[in-house]
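These notes concern the structure reproduced below.
The values are calculated or read from the model by the stated rules, or taken from the named source; none is laboratory data. If you're wondering where the values come from, they're calculated on a predicted model, not measured in any experiment. We place every Cβ from the backbone using ideal geometry, glycine too, and count neighbours over all the protein chains shown.
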Amino acid sequence: MVLLIMKDTIWIAWERHRRTIEICKTLNIELIILDSKLCRIFKHPYFTILTIIRLIKYKPKVLFVQNPSILLTFIACVLKSMLKYTLIVDTHNAALDPENRLLKLIRKINFFLHSRSDLTIITNNSLAKFIYNNSQYFVLPDKVPDVDLNNRKIALKGAINVVCVCTYGDDEPYSEMFEAANTFGADVFFYFTGSVKKLSSKKVINDYTTTSNNIILTGFLPDQDYWSLLKSSDLIIDLTNREACLVCGAYEAVASEVPLILSDTKALRELFVSGAVFTQNSADKISESIISAINNLRHLKNEIILQKQLMNNNWNVLSSELIDEIDKIKGIRD
């Protein structure tokens, strides 16, 4: 389903993000992604100049920006009154509830940005508490990725194969996931995705991977290989310690029509209403949830297909409502 948004609309982003790409593709918004291999100290001034040039060139009536970057959003807010566009800020979890302690100190800047934008888009209601009181916001979850389910599947090693989606970030209970995987026999294989290079200590990982024959570290995978792994698996796990985070692996599991295990948070329960098992993030609870999911795989498989249909239908309705909301705001400004 393609929804044609109003003319003279552009979206500027300073980093590539699948959410942004999917929204722009579906709503037919022209997307401008600024990319450079320059280090940050040079890249940000360079992007600032390019952003101003693009805004003067395109003269948009509606401008979308992706936050992060806070600097990009700040520039869009400052130039809004001069260039007279309606400003829509798609604000990700990392901007509203950052993990980094230093970034938390500049949360007040985000309050200013919310108050200056015409509309702030967030992914779930749990993030609303971080929005400035007088700001207008709209909840739009990520779109379920479009995946060709006819692509090749790959042969995996276990009778049951579990993919653990990891980036080894501070919010991920990956140590507990390794511990839980270690309790299973050789008939259940665990594939941990993501690169471990950025970890300051690999001791936990080494402790389990050297003693367990059923744990495989895939490293960072190219897109096609990654999707093939997901679609070939029986179960996908993506866990977080952040209460308001809708993990990417959950959307990927739904797209692949593979049952999943998620952390037991309000935000995740509200969106993923079927096809999922929810767990506390301790090793024993994760292990129990895996056993429960394995024992109910056929039922969960049927549920995840229905969940995909539900999420696609809901997203189409919400995206249409978003366009109506923007038209209303634009009409008031005009």
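Of note:
- Residue 212 falls short on exactly one of the conditions (1) modelled with pLDDT of 95 or more; (2) out of contact with any strand residue (DSSP E or B) (no Cβ under 7 Å at 6 or more places or on another chain); (3) not aromatic (Phe, Trp, Tyr), and that condition is (1).
- Looking only at the range 294-323, and only at residues there that are farther than 21 Å from residue 232 by Cβ and β-branched (Val, Ile, Thr), the one that is farthest from the chain's Cα centre (by Cα): 323
- Looking across the range 165-190, the residues that are farther than 18 Å from residue 263 by Cα and not small (Gly, Ala, Ser) come down to 182, 183, 184, 187, 188, 189.
- Filtered residues of the range 253-274 (kept if out of contact with any strand residue (DSSP E or B) (no Cβ under 7 Å at 6 or more places or on another chain) and within 23 Å of residue 148 (Cβ to Cβ)): 254, 255, 256, 257
- Residue match in the range 69-88 (condition: buried (at least 22 other Cβ atoms within 10 Å of the Cβ) and in contact with a Pro (Cβ under 8 Å, 6 or more places away or on another chain)): yes
- Flag not set for residue 150, criterion: more than 25 Å from residue 308 (Cα to Cα), of a type outside the set (A, V, I, L, M) and either modelled with pLDDT under 95 or not assigned by TED's automatic domain parsing to the domain that holds residue 305 (or both).
- So residue 52, is it within 27 Å of the chain's Cα centre (by Cα) and in contact (Cβ under 8 Å) with a residue 12 or more places away in the chain: no
- Pairs, first within 20 Å of residue 123 (Cα to Cα) in the range 269-282, second basic (Lys, Arg) and outside any strand (DSSP E or B), C-beta under 7 Å, six or more apart: 278/269
- Taking the range 280-334 as the range and being acidic (Asp, Glu) and closer than 21 Å to residue 25 by Cβ as the test, the residues that pass are 321, 324, 325, 327.
- Of all residues making up the range 259-271, the number that are crowded, with 23+ Cβ neighbours inside 10 Å and of a type in the set (Val, Ile, Thr): 1
- Residue ID - modelled with the lowest pLDDT, chosen from residues in the range 13-37 that are buried (at least 16 other Cβ atoms within 10 Å of the Cβ) and among the polar types (S, T, N, Q): 26
- Under the condition of being at pLDDT 85 or above and within 18 Å of the chain's Cα centre (by Cα), the residues counted in the range 100-139 number 11.
- Helices (runs of 4 or more DSSP H) wholly inside the range 33-104 containing at least 1 residues that are in contact with a strand residue (DSSP E or B) (Cβ under 8 Å, 6 or more places away or on another chain): 40-58, 70-83, 93-96
- Subset of the range 169-197 [among the aliphatic types (A, V, I, L, M) and either modelled with pLDDT of 95 or more or surrounded by 15 or more Cβ atoms within 10 Å (Cβ to Cβ) (or both)]: 177, 180, 181, 188, 196
- Within the range 277-290, none of the residues are β-branched (Val, Ile, Thr) and closer than 20 Å to residue 148 by Cα.
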